[in-house]
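Contents: one structure, followed by commentary.
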Amino acid sequence: MSPLDTAQDFRTEFTRSPGSLKHYPALVLNADYRPLSYYPLSLWPWQDAVKAAYLDRVDIVAEYEAQVHSPTVSLKIPSVVVLKDYVKPQKRVAFTRFNLFLRDEFRCQYCGARGELTFDHVVPRASGGRTSWENVVAACAPCNLRKGAKSLRRAGLSLRKPPRQPGAEELRNMGRKFPPNYLHDSWVDFLYWDAELDA
């Protein structure tokens with residue numbers, strides 16, 4: 001039997017446990033002990049964390065009190081795992097709706113409102129405006145409707161900050177401002193240990 005088959009059997013044995021165990025996600029850290037991503041937070045289902053530990057791809061640095069059992073093994077469910085091999089973060093930031101909203105901190109760039117956002121071309125496409133980081137901003141529906149295909153001046157609107165392409169590290173740091181709805185106590189030290197301290 002190959003190691004891969006063994007790993008599959010191992011995983012299958014543990015997944016026969018009660019359904020409540022699906023609620024034990026593991027925070028995944030890179031080899032430098034930073035999360036792979038902050039927003040969305042890098043989480044694995046507990047089964048993937050157990051499998052990765054079994055295959056010696058991660059070290060377990062914190063655990064839940066809950067345990068899983070197979071016929072021959074019993075172990076605590078990992079709550080924080082760290083990769084043994086460093087994964088190089090992407091340098092290029094994809095131009096997606098999500099990343100655009102994250103860059104703009106999920107606020108309308110005209111009035112600052114949160115809530116249902118869309119995006120707006122600062123220089124309208126009808127006037128030759130391009131769909132790019134430098135010309136697209138998050139906008140609430142009322143501001144987007146008010147602006148329409150007009151220039152900022154004609155619409156009587158101004159931008160909170162000029163749109164620009166964010167760096168990957170900048171976007172990762174921006175993600176720290178938006179923690180997930182659920183944070184296990186064992187994750188907190190790993191999420192904010194390298195944040196700048198207030199003077």
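The values are calculated or read from the model by the stated rules, or taken from the named source; none is laboratory data. If you're wondering where the values come from, they're calculated on a predicted model, not measured in any experiment. No Cβ is skipped: glycine too gets one built from the backbone with ideal geometry, and neighbour counts run over all protein chains shown. Calculation scope for accessible area: heavy atoms of the full protein, side chains included, ligands and nucleic acids excluded. Shrake-Rupley method; radii C 1.70, N 1.55, O 1.52, S 1.80 Å.
Being touching a helix residue (DSSP H, G or I) at 6+ places or on another chain (Cβ under 8 Å) and either among the hydrophobic types (A, V, I, L, M, F, W, C) or open to solvent by 100 Å² or more (accessible area, probe 1.4 Å) (or both) is the filter here; which residues of segment 84-99 pass it?
Initially, segment 84-99 is screened for residues touching a helix residue (DSSP H, G or I) at 6+ places or on another chain (Cβ under 8 Å), giving 89-93, 99.
Correct list: Gln90, Lys91, Arg92, Val93.
For segment 177-194, taking the residues that are under 17 Å from Val80 (Cβ atoms) and either among the basic types (Lys, Arg) or in a loop (DSSP other than H, G, I, E, B) (or both), the one that is modelled with the highest pLDDT is identified as His184. Where in segment 1-120 are there helices (runs of 4 or more DSSP H), lying fully within it, with 2 or more residues that are at pLDDT 90 or above and either of a type in the set (Asp, Glu) or over 24 Å from the mean Cα position of the chain (by Cα) (or both)? The qualifying helices (runs of 4 or more DSSP H) are 46-54. In segment 48-81, what residues are in contact with a helix residue (DSSP H, G or I) (Cβ under 9 Å, 6 or more places away or on another chain), of a type outside the set (A, V, I, L, M) and more than 28 Å from Phe98 (Cα to Cα)? Across segment 48-81, the qualifying residues are Lys51, Tyr54, Arg57, Asp59, Glu63, Tyr64, His69, Ser70, Pro71, Thr72, Pro78. Which numbered condition trips up Trp133, out of (1) open to solvent by less than 30 Å² (accessible area, probe 1.4 Å); (2) aromatic (Phe, Trp, Tyr); (3) at pLDDT below 95? That leaves (3) as the condition not met. Of the listed requirements (1) without any contact (Cβ under 8 Å) to a residue 60 or more places away in the chain; (2) in a helix (DSSP H, G or I); (3) among the aliphatic types (A, V, I, L, M); (4) closer than 25 Å to Ser37 by Cβ, Ala126 misses just one: (4).
Condition check ((1) out of contact with any strand residue (DSSP E or B) (no Cβ under 9 Å at 6 or more places or on another chain); (2) among the aromatic types (Phe, Trp, Tyr); (3) free of Cβ contacts under 8 Å to residues at least 40 places away in the same chain) across all residues:
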{"residue": "Leu100", "(1), (2), (3)": "no, no, yes"}
{"residue": "Glu105", "(1), (2), (3)": "no, no, no"}
{"residue": "Leu117", "(1), (2), (3)": "no, no, yes"}
{"residue": "His121", "(1), (2), (3)": "no, no, yes"}
{"residue": "Arg130", "(1), (2), (3)": "no, no, yes"}
{"residue": "Cys140", "(1), (2), (3)": "no, no, yes"}
{"residue": "Asn144", "(1), (2), (3)": "no, no, yes"}
{"residue": "Lys150", "(1), (2), (3)": "yes, no, yes"}
{"residue": "Arg154", "(1), (2), (3)": "yes, no, yes"}
